[in-house]
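This report refers to the structure that appears directly beneath it.
The values are calculated or read from the model by the stated rules, or taken from the named source; none is laboratory data. Note that the coordinates shown come from a computational prediction; the quantities given were computed from them, not determined experimentally. We place every Cβ from the backbone using ideal geometry, glycine too, and count neighbours over all the protein chains shown. Each accessible area value is taken on the protein alone, full model and side chains, heavy atoms only, with ligands, DNA and RNA left out. Shrake-Rupley method; radii C 1.70, N 1.55, O 1.52, S 1.80 Å.
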Amino acid sequence: MTSNVCSKTIICAGFSVSLINFRGPLIKMLRDSGHEVHAVAPGLNDDLATRKQLEAWGVITHDVAMQRTGTNPLRDLTTLRSLYHLFRDIKPDAVLGYTIKPAIYGTLAAWLARVPKRYVLITGLGYAFGDQAKGKRAIILSMVRRLYRMAIRRTHHVIFQNPDDQALFRSLSILPSHVPSTVVNGSGVDVKHFEQAPLPDAPISFLLTARLIADKGVRLYAEAAKKIKSKHPGVKFFLVGDLDDNPESIKREELDAWIESGSIEYLGRLNDVRSTLVNTHVFVLPTYYREGVPRTILEAMAMGRPIITTDAPGCRETVIEGENGFLVPVKSVEALAEAMQRFVDQPDLVARMGQRSRAIAEEKYDVHKVNAVMLEAMGVTYPAEKSSPTTSNNSVRSYTVAESN
């Protein structure tokens, strides 16, 4: 199937700014393919910067009530009802939902509204699919699995960002055999916007950029930093991110203790991480959260930085062991500290591995290559005469918000 000129496509998101930061190039490729693009997300009426940027691209925006987190069934039912009425009014040819609630309720609403083509993008499985779910978390996991199963059986194509999530959905019978699926290389990264940058002067410095939740490995990073600092007080450990409403969020008191001890230099929440990446040597993400492919890793790779991350779904694909960084076991402070120590002891590794990171980003994770595969999965033909859409510095903002919930 190929797309028709003036087809209406809805992109449904759980967080308004992600439409620019994660899906911006895809939206522009859809527009350039002749589609009338509609963007649906909670908070779009209040997020003036995002709304104006989307409208400048010719996108029609719609605000819909939706909790990014939370499990209130009445509120979720209201979301489903609102999406159904919106889709019925717009009469789109296709709907693409990404992140948990848009993937589930967006797909179900599109099915009820008889939208001809329904697509789901799995950008990671997040908190609900974490290891060893117990208590309330186990109840949430069971509910999410059932809802995913209901939605995906009514989907025409599922796009995953790593093969582990695809395999898990198959093993849990969430992804039925009659629904085709594709694996893409994460959300990709704009390698022109995140240009390779020269390395700063010594001493060696490390950076973790993430929402400040335990599952992202923030505590592990702080503990490993303390170990290294005890032997090498000149080494710097930067932390970028915001406290979160996630049940596993780091508490303010704990963060303050790390800062006061001198083991962590906290930079808060940044809208653009490039200035921080320029001033650091190695990017670290010791996550055990169910990632798609962490965009923060891709940005660091594009800027020519080695990576230390976990041998976990979504992360292991980004590192060729010993070439552009090191993979460490999940939840191992010792292994994390040892990987950091290797860069302290052998600083020449930074330049060599950083160069390899940049090459992998260009070869594998260029956002336009990733989106071309997505469009093919959606049956959209991108005009051959058009060059890859570029993303200006004003239209990409790097926020520490995961796509997976």
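For this structure, a couple of remarks:
- The numbered conditions (1) in a loop (DSSP other than H, G, I, E, B); (2) open to solvent by less than 10 Å² (accessible area, probe 1.4 Å); (3) touching a Phe, Trp or Tyr at 6+ places or on another chain (Cβ under 8 Å) are all true for residue 66 except (2).
- Enumeration of residues in region 277-306 that are at pLDDT below 95 and over 13 Å from residue 210 (Cα atoms): 290, 292
Residue by residue, here is whether (1) buried (at least 23 other Cβ atoms within 10 Å of the Cβ); (2) small (Gly, Ala, Ser); (3) under 29 Å from residue 318 (Cβ atoms) holds:
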site: 80; (1), (2), (3): no, no, no
site: 87; (1), (2), (3): yes, no, no
site: 91; (1), (2), (3): no, no, no
site: 120; (1), (2), (3): yes, no, yes
site: 141; (1), (2), (3): no, no, yes
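- Filter pass, residue 304 being farther than 22 Å from residue 237 by Cα, in contact (Cβ under 8 Å) with a residue 60 or more places away in the chain, assigned to a loop (DSSP other than H, G, I, E, B) and open to solvent by less than 10 Å² (accessible area, probe 1.4 Å): no
- Positions within region 53-76 being over 23 Å from residue 89 (Cβ atoms), without any contact (Cβ under 8 Å) to a residue 60 or more places away in the chain and under 23 Å from the mean Cα position of the chain (by Cα), in sequence order: 70
Condition check ((1) open to solvent by less than 10 Å² (accessible area, probe 1.4 Å); (2) in contact with a helix residue (DSSP H, G or I) (Cβ under 9 Å, 6 or more places away or on another chain); (3) under 22 Å from residue 338 (Cα atoms)) across all residues:
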| residue | (1), (2), (3) |
| --- | --- |
| 177 | no, yes, no |
| 204 | no, yes, yes |
| 213 | yes, yes, no |
| 223 | no, yes, yes |
| 251 | no, no, no |
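- Counting only residues that are touching a helix residue (DSSP H, G or I) at 6+ places or on another chain (Cβ under 7 Å) and either open to solvent by 70 Å² or more (accessible area, probe 1.4 Å) or aliphatic (A, V, I, L, M) (or both), region 343-385 holds 9 of them.
- When residue 226 is tested against (1) touching a strand residue (DSSP E or B) at 6+ places or on another chain (Cβ under 8 Å); (2) more than 26 Å from residue 136 (Cβ to Cβ), only condition (1) is not met.
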